[in-house]
Amino acid sequence: MSATHEVLNQAPLLTGFSTADDAALLEALRRDGAGWGEQRVRELGALAGSAEVQEWARQAEEQPPRLRTHDRYGHRVDEVEFHPAWHRLMTVAVEHGLHAAPWAEDRPGAHLLRAAQFYVWSQAEPGHGCPVSMTYAAVPALRAQPDLAAAYEPLLTARTYDYGLRPPLGKAGLIAGMSMTEKQGGSDVRANTTQAVPAGDGSYLITGHKWFTSAPMSDVFLVLAQAPGGLSCFLLPRVLPDGTRNAMHLQRLKDKLGNRSNASAEIEYDEAVAWPVGEPGRGVRTIVEMVNMTRLDCVLGTAAGMRAGLRQALHHAAYRRAFGAELIDQPLMRNVLADLAVESEAATVLAMRLAAATDRAQAGDAQEAALRRLGLAVGKYWVCKRGSAHAAEALECLGGNGYVEESGMPRIYREAPLLSIWEGSGNVAALDVLRALAKEPAGLDAFLAEVDAAAGADRRLDAAVARVRAALPALAEPERAQLRARRLAEEMALVLQGSLLVRHGHPAVADAFCASRLGGDWGNAFGTLPAGTDLGPILERARPKAPA
């Protein structure tokens, strides 16, 4: 058989790189007290970019989990079967402490280090980040019930991935999930109808339906249910202490747009046994700390997706020729790539700043805790909102090559909207900004102090901060405040990103950001950085090193 063509003008396979090859990331580690863990990040980043892990990611995505509700004899088993690649990914994540290690590692910068590791590892495959993130978030919520925390926290923070249906307290390590959403309420969890009835021995019996429970194969779940004292939080194991299966029945797995490697299920609880966490009737208050932690991971995951998409676009453009020159040397493509790089770095620097605030808040810094509370709502709204547009543009840089599954770009594209929806979609996040401003004035003070740290360094940033201040009095009118909520959240996120870039970023990146995002000299699409922008240093900073 004769050859009909030669393969020419195609980029080589991008493999053997390191996802830790990221100047903004490493600078944040050193700047905010986690430089001691840089080697850990580098080791995990090199693994994430390896051919072996890329193959795991492909297999986990292409062979998604399957639900087995019954065995051959008709007994309920309610088990989710995963491809071995999923378990390999989870094993690496847990052994490197991405799930909950900072809660056991009493060292300044532990949460920032964990954030950096989550960022570099989730670029390999984002779906398994869901149970990793929920386990991280479950620990502070569980601490509202000290007796349960004493029993379960050592296992939640253990660096052993021990999957399978066995009593939780007999395992070497645990993964936690959250089971809150119901079909009639969604984010409005106070509309939940699932009931919790006291069993008389300190436990409760949970009965009801949950519309979205991600990672239903987890060992334990934090569940919201209506108890005699009002909406309350409970810890519900999949397997009871005596080895019998709890009455937690998986009805079906969701057929989702993306996040295909991860299972999300509809669940029926039929007098399932659970134990209260926190005060009766204060379930939302108990669970809110868990939500804040998972919101941080939504921002981190979006920043990671941006970086992964940017890397693919830069790699393709460096090798692909069109109209007589490499794409990366053509002015219009350079503008697009530089614009994507600016967005990526702005997302990364904000995500790492919020992780650093988590460390300081845990150490008792009230101002950092207030900044984190408001900053998470602002960052969750804007960074996650930008993820989809960024993924679409990065995919387009590869043209038709980016539209096929083998490129990996469709996976990035499908994943991006999820992170904007999880833990409150755009409206919920924007309204939470209003709520934080109204109920926690210390948050606004901390936010303004943070952005004012760059005062005088860039006139465009100064003007944007002044616009945010001028918009605040309108919040006194509730209806007007709601109509303004999205715009305000966006502007607050942009000035926070601008302040961080001006103080800590590369001067060319900071200038491009302020000129476009804050100075108004920017179109509605990526690739519209103003004329005169110094693209060279931006692209050089963003370009990955040649694969080893």
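Can L431 be described as out of contact with any Cys (no Cβ under 7 Å at 6 or more places or on another chain), assigned to a helix (DSSP H, G or I) and either at pLDDT 95 or above or assigned by TED's automatic domain parsing to the domain that holds Q63 (or both)? Break it down stepwise before answering.
Values: out of contact with any Cys (no Cβ under 7 Å at 6 or more places or on another chain): yes; assigned to a helix (DSSP H, G or I): yes; either at pLDDT 95 or above or assigned by TED's automatic domain parsing to the domain that holds Q63 (or both): no.
When the stated conditions are applied, L431 does not pass them.
Being charged (D, E, K, R), closer than 30 Å to R320 by Cα and out of contact with any His (no Cβ under 7 Å at 6 or more places or on another chain), is that true of even one residue in segment 415-437? I'd like the intermediate steps shown before the answer.
Here is the first cut: in segment 415-437, the ones charged (D, E, K, R) are 415, 423, 432, 435.
Next cut, closer than 30 Å to R320 by Cα only: 415.
Now narrow it down to the ones that are out of contact with any His (no Cβ under 7 Å at 6 or more places or on another chain): 415.
Yes, segment 415-437 contains at least one residue that is charged (D, E, K, R), closer than 30 Å to R320 by Cα and out of contact with any His (no Cβ under 7 Å at 6 or more places or on another chain).
Of everything in segment 488-532 that's polar (S, T, N, Q) and either modelled with pLDDT of 95 or more or in a helix (DSSP H, G or I) (or both), which residue is farthest from A394 (Cα to Cα)? Before the answer, list the steps.
Taking segment 488-532 as the starting set, the residues that turn out to be polar (S, T, N, Q) are 497, 499, 516, 524, 528.
Those left that are additionally either modelled with pLDDT of 95 or more or in a helix (DSSP H, G or I) (or both): 497, 499, 516.
Details: Q497: 21, S499: 26, S516: 19 Å.
Taking the candidates together, the pick is S499.
What's the total number of residues in segment 175-187 that are assigned to a strand (DSSP E or B) and surrounded by fewer than 16 Cβ atoms within 10 Å (Cβ to Cβ)?
Looking only at segment 175-187, we keep the residues that are assigned to a strand (DSSP E or B), and these are 176-179, 181.
Those left that are additionally surrounded by fewer than 16 Cβ atoms within 10 Å (Cβ to Cβ): none.
Selection size over segment 175-187: 0.
Go through segment 15-72 and tell me which helices (runs of 4 or more DSSP H), entirely inside it, have 1 or more residues that are more than 30 Å from S214 (Cα to Cα) and free of Cβ contacts under 8 Å to residues at least 60 places away in the same chain. Outline the logic, then answer.
Numbers: elements: 23-31, 38-48, 51-62.
Per the criteria, 23-31, 38-48.
The rows are residues; the columns are (1) under 20 Å from the mean Cα position of the chain (by Cα); (2) among the small types (G, A, S).
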position	(1), (2)
A3	no, yes
N9	no, no
L14	no, no
L26	yes, no
E55	no, no
P64	no, no
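Please pick out the residue among D339, D359, D329 that is closer than 30 Å to L398 by Cβ, crowded, with 24+ Cβ neighbours inside 10 Å and of a type in the set (D, E). Full working, then the answer.
On the way: D359 fails: closer than 30 Å to L398 by Cβ; D329 fails: crowded, with 24+ Cβ neighbours inside 10 Å.
Exactly one of D339, D359, D329 is closer than 30 Å to L398 by Cβ, crowded, with 24+ Cβ neighbours inside 10 Å and of a type in the set (D, E), namely D339.
Does segment 282-296 contain any residue that is at pLDDT 95 or above, more than 24 Å from the chain's Cα centre (by Cα) and over 30 Å from A20 (Cβ atoms)?
Within segment 282-296 (the criterion being at pLDDT 95 or above, more than 24 Å from the chain's Cα centre (by Cα) and over 30 Å from A20 (Cβ atoms)), the answer is no, since none of the residues qualifies.
Got a sec? Which strands (runs of 3 or more DSSP E) wholly within segment 188-241 have at least 2 residues that are assigned by TED's automatic domain parsing to the domain that holds Y163, under 26 Å from M90 (Cα atoms) and touching a helix residue (DSSP H, G or I) at 6+ places or on another chain (Cβ under 8 Å)?
Numbers: elements: 195-198, 204-214, 220-227, 230-237.
It comes to 220-227, 230-237.
Only one of N259, N246 is closer than 14 Å to L205 by Cα and polar (S, T, N, Q). Can you tell me which? Even if it seems obvious, please write down each step before you answer.
Values: N259 fails: closer than 14 Å to L205 by Cα.
Every option except N246 fails the conditions.
Among the listed residues V468, V495, identify the single one that is within 25 Å of the chain's Cα centre (by Cα), without any contact (Cβ under 8 Å) to a residue 60 or more places away in the chain and within 30 Å of V428 (Cα to Cα). Step through it out loud before you land on a result.
Working: V468 fails: within 25 Å of the chain's Cα centre (by Cα).
Of V468, V495, the one residue that is within 25 Å of the chain's Cα centre (by Cα), without any contact (Cβ under 8 Å) to a residue 60 or more places away in the chain and within 30 Å of V428 (Cα to Cα) is V495.
Return yes or no: is P544 within 15 Å of A24 (Cα to Cα) and part of a loop (DSSP other than H, G, I, E, B)? Break it down stepwise before answering.
On the way: within 15 Å of A24 (Cα to Cα): yes; part of a loop (DSSP other than H, G, I, E, B): yes.
Criteria met by P544.
Consider segment 1-45. How many of its residues are among the aromatic types (F, W, Y) and surrounded by 16 or more Cβ atoms within 10 Å (Cβ to Cβ)? It would help to see each step written out before you state the result.
Step one: of segment 1-45, the residues among the aromatic types (F, W, Y) are 17, 36.
Narrowing further to those that are surrounded by 16 or more Cβ atoms within 10 Å (Cβ to Cβ): 17.
Adding up the residues that qualify gives 1.
Within segment 416-432, track down each residue that is among the aliphatic types (A, V, I, L, M) and within 18 Å of A304 (Cα to Cα).
Keep residues of segment 416-432 that are among the aliphatic types (A, V, I, L, M), which gives 416, 418-419, 421, 428-431.
Within segment 416-432, A416, L418, L419, I421 qualify.
In segment 371-385, is there at least one residue being within 15 Å of the chain's Cα centre (by Cα), modelled with pLDDT of 95 or more, in the same structural domain as H315 (by TED's automatic domain parsing) and surrounded by fewer than 21 Cβ atoms within 10 Å (Cβ to Cβ)?
no
Kindly indicate whether E450 is surrounded by fewer than 18 Cβ atoms within 10 Å (Cβ to Cβ), closer than 28 Å to A304 by Cβ and among the acidic types (D, E). Spell out how you get there, then give the answer.
Working: surrounded by fewer than 18 Cβ atoms within 10 Å (Cβ to Cβ): no; closer than 28 Å to A304 by Cβ: yes; among the acidic types (D, E): yes.
Criteria not met by E450.
What tally of residues in segment 390-432 results from selecting those that are under 13 Å from the mean Cα position of the chain (by Cα) and on the phi > 0 side of the Ramachandran plot?
Looking only at that region, the number is 2.
The values are calculated or read from the model by the stated rules, or taken from the named source; none is laboratory data. For clarity, every value in this text was computed on a predicted model and none was experimentally measured. Cβ atoms come from the backbone with ideal geometry, glycine included; neighbour counts cover every protein chain shown.
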